[in-house]
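See below for the structure under consideration.
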2 protein chains.
Amino acid sequence: MADHQAIIQGDLQDQAVAGHQSALGQTQTRVATLPGFVTESGFKFETIEVSYQTLGKLSPARDNAILVCHGLSGTAHVAGLDPTGRPGWWDYHVGPGKAIDTDKFFVIGTNTLGGCNGTTGPLSLNPQTGRPYGPGFPRITVRDMVMAQARLVDHLGLDTLLAVIGASMGGMQALTWAVHFPERVRVCVPIATCTAHNAMQIAFNEIGRCAIVTDPDWNGGEYTETRFPAHGLAVARMVGHVTYLSELAMARKFGRRRQADAADARQFSVESYLHHQGSSFVKRFDPNSYLCLTRAIDEFDLFAAAAPEAVLSRVRARFLVISFSSDWLYPPGQSRELVRLLKRAGIAASYINLDTEYGHDSFLIENPPFAEVLRHFLNGDHPRIHPHHHGEPL
Amino acid sequence: MADHQAIIQGDLQDQAVAGHQSALGQTQTRVATLPGFVTESGFKFETIEVSYQTLGKLSPARDNAILVCHGLSGTAHVAGLDPTGRPGWWDYHVGPGKAIDTDKFFVIGTNTLGGCNGTTGPLSLNPQTGRPYGPGFPRITVRDMVMAQARLVDHLGLDTLLAVIGASMGGMQALTWAVHFPERVRVCVPIATCTAHNAMQIAFNEIGRCAIVTDPDWNGGEYTETRFPAHGLAVARMVGHVTYLSELAMARKFGRRRQADAADARQFSVESYLHHQGSSFVKRFDPNSYLCLTRAIDEFDLFAAAAPEAVLSRVRARFLVISFSSDWLYPPGQSRELVRLLKRAGIAASYINLDTEYGHDSFLIENPPFAEVLRHFLNGDHPRIHPHHHGEPL
């Protein structure tokens, strides 16, 4: 079954998908070239490219746009099939009649700044040198990612978004949207995320980074296709995968079973699974990008500049905060703390901790209760935000 | 404070110990050379060397001996100071007046077979070649480790042990003692351990092994001092350290603080801590040994050969099973399941899940409630086991 596969595969984009159907059929990914972008750190791009995909139709009132923000390794390809037949990473939840219903909403997927799937990142050519930025790519922040998304939203001619939805790294982006563009976001849906990484979250990322930069083919980030830090990147992904799953999901799926067809017949199935995950990730992800993005999320701290009350006083969106009981990488306590701060700031916030077994990856898989919560909230009546009108707290 | 240090250092042997005092003063580690040892897999050693330490005095009745089994990276040096002033790994809990009281008990510490601290392991010279076994060291099992310990106990002239105590890998050894030498063990104390690794426990070990064997200086295990897979071993240890700690302990100790004296001032303290742990481990541990021991504990399955009732029907020891509420690597559920099986088999078993904050490492640190539980149980009246007299269940 598809959901069974997804549980062990992380997301649909990780899969060698056999016969996955999508009601959307083939969907297109485009690139917008946007001039003049300055990072928070002051680095000036003459232009940035932003990979994106739109699904569904924009309403005449232009009030049904939903921005979907991906996690660490996602792409602009949210749903439908790409030309090779590969489904988008959130095809389970985005499409006609699905939780994020493309019959009603105009859905925007976009690859993050600093990524390696079409949007400007370390693999992009540096016009100064004619070669990829590589390790010379500037340090970027989650706010930079959001600013690039905002430029795309401008480019699409949209003033406001009905919703910004994201899980994990995407949830940090959703939170940043609500804070930095209070008049452009009516609904904010941060999923399985936090306002700042704790020491353990930083630690797991740092282990991945260490595995990459101590790979002898790392070469200070100046690697080539033939001398590529594949081992380090694979180990980093293996660490990631274990943290995305729950103990129970792993026990159910693998237990202590052996891999009958492995070269070493004594190999446990879970070992073979991790090897597969590591090596398939190497084919689709860039090590400099991995460092760039994990650094950005480790540095993310929504309340670094000011106290929560001050930061949240600007927010006008309504919130739906979702966590998963078995998520030990972004534990529910972090979402509860966010909700506490939102409520204290007088912001309308619904919260649900879904009782799932699949750990952090619970948002990526077929998950009817999750879909139902999302659908119900998005179909609710969400007041428009009138610019410069600060009404009473919702 | 010492306990504060220990929390972040893993165990006392990881520390650069400044002024640590031990009531035992300097303690000695010896090596016993024992002829003729055959592993479970059939590999024949002409002799094995077993590194050990004894503390306290053997009673005239020879009935006060306690064998202490270390975790993955421990040594025979349990308590007191070595010639360089370094304390034993369990100096907090073994010594005069301590939980394992050397004024009352004759305590035996011993390095495990397959280890790299004095007992025969991959670093030992293979008499056939005159060079270290290295990757040619046979696969060993937890039962092999126990058989080597039993040979040492024979060598010390002891028929029975008052207790076998061990945490983590050492707990697996304690369980194996109780099963394989039912008439030699009066008390069995498995701490923070399990009867078989689950998929997640295997996964974390496999990530460490992958980091080691994909290090280009691994060279199929035929590394040298100058071409040594240090990066891989360091990454493996970093993964281990994160799994040994709790999220709360890491948050308390490191939070999001920065390392002021780091080359990169933006480095988080937790990153610098992990780097330190990785590089200090490289100086004291052998990569082939790391593979050998983690393989053995992944393969360990107390009930592989027969149903729990059948395996436990032979057991005559009384049990004290200890787990820690914040231990997510060896979660309390595994200990509860062990206790359930012991009780069902009519074995006298006390169980306590200690409410600690320090994760799996809770047994390594100063921990008065843990010490009290251990002391109380060891000081209880434990019936002798009369050979060949199978009484009613205790």
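Here are some notes:
- Scanning segment A:247-268 turns up no residue that is more than 30 Å from B:Ala304 (Cα to Cα), buried (at least 23 other Cβ atoms within 10 Å of the Cβ) and within 8 Å of chain B (Cβ to nearest Cβ).
- Restricting segment A:300-331 to residues that are among the charged types (D, E, K, R) and in a loop (DSSP other than H, G, I, E, B), the residue that is nearest to B:Ser246 (Cα to Cα): A:Asp327
- Enumeration of residues in segment A:283-312 that are surrounded by fewer than 17 Cβ atoms within 10 Å (Cβ to Cβ), under 18 Å from A:Asn117 (Cα atoms) and in contact (Cβ under 8 Å) with a residue 60 or more places away in the chain: A:Arg284
- A:Arg186 of a type in the set (Lys, Arg) and closer than 26 Å to A:Asn353 by Cβ: yes
- Some residue of segment A:106-118 being surrounded by fewer than 24 Cβ atoms within 10 Å (Cβ to Cβ) and over 27 Å from A:Phe281 (Cβ atoms): yes
- Among the residues of segment B:237-254, those identified as under 26 Å from the mean Cα position of the chain (by Cα) and part of a loop (DSSP other than H, G, I, E, B) are B:Leu245, B:Ser246.
- B:His70, sole failed condition from (1) touching a His at 6+ places or on another chain (Cβ under 8 Å); (2) under 24 Å from B:Arg184 (Cα atoms); (3) of a type outside the set (A, V, I, L, M, F, W, C): (1)
- Selected residue [away from chain A (no Cβ under 13 Å), touching a residue at least 40 places away in the same chain (Cβ under 8 Å) and within 22 Å of the chain's Cα centre (by Cα)] from B:Ser325, B:Ser280: B:Ser280
- Count - residues of segment B:176-191 that are touching a helix residue (DSSP H, G or I) at 6+ places or on another chain (Cβ under 8 Å) and within 19 Å of B:His382 (Cβ to Cβ): 10
- Counted residues, segment A:213-236 - those being within 10 Å of another protein chain (Cβ to nearest Cβ) and in a helix (DSSP H, G or I): 7
- Which numbered condition B:Val189 misses (of (1) assigned to a helix (DSSP H, G or I); (2) within 22 Å of the chain's Cα centre (by Cα)): (1)
- Residues satisfying the stated conditions in segment B:67-91, i.e. of a type in the set (S, T, N, Q) and in contact with a Phe, Trp or Tyr (Cβ under 8 Å, 6 or more places away or on another chain): B:Ser73, B:Thr75
- Summed over segment B:328-351, residues that are touching a residue at least 24 places away in the same chain (Cβ under 8 Å) and of a type outside the set (Phe, Trp, Tyr) total 14.
- Selection status of A:Asn205, closer than 18 Å to A:Gly359 by Cα, among the polar types (S, T, N, Q), within 8 Å of chain B (Cβ to nearest Cβ) and touching a residue at least 40 places away in the same chain (Cβ under 8 Å): no
- The residue of segment B:206-246 that is surrounded by the fewest Cβ atoms within 10 Å (Cβ to Cβ), among those that are over 26 Å from A:Gln201 (Cβ atoms) and of a type in the set (D, E, K, R), is B:Glu225.
- Test: residue in segment B:256-274 that is closer than 28 Å to B:Trp218 by Cβ and touching a Ser or Thr at 6+ places or on another chain (Cβ under 8 Å): no
- Which listed residue, of B:Cys210, B:Cys194, is within 11 Å of chain A (Cβ to nearest Cβ) and touching a helix residue (DSSP H, G or I) at 6+ places or on another chain (Cβ under 6 Å): B:Cys210
- Given (1) within 22 Å of A:Glu206 (Cβ to Cβ); (2) aliphatic (A, V, I, L, M); (3) crowded, with 18+ Cβ neighbours inside 10 Å, number of the condition B:Val179 does not satisfy: (1)
- Test: residue in segment B:255-263 that is touching a residue at least 12 places away in the same chain (Cβ under 8 Å), outside any loop (DSSP other than H, G, I, E, B) and of a type in the set (Lys, Arg): no
- Among the numbered conditions (1) in contact with a strand residue (DSSP E or B) (Cβ under 7 Å, 6 or more places away or on another chain); (2) closer than 17 Å to B:Ala148 by Cα; (3) among the hydrophobic types (A, V, I, L, M, F, W, C), the only one that B:Met169 does not meet is (1).
- Of the residues making up segment A:290-308, at least one is over 22 Å from A:Trp177 (Cβ atoms) and more than 14 Å from chain B (Cβ to nearest Cβ).
- Checklist (1) closer than 19 Å to B:Glu372 by Cα; (2) at pLDDT below 95; (3) buried (at least 23 other Cβ atoms within 10 Å of the Cβ) applied to B:Asp3, failing item: (3)
The values are calculated or read from the model by the stated rules, or taken from the named source; none is laboratory data. Just so we're clear, the structure is a prediction, and the values are computed from it rather than from any experiment. Neighbour counts run over all protein chains shown; Cβ positions are idealised from the backbone, glycine included.
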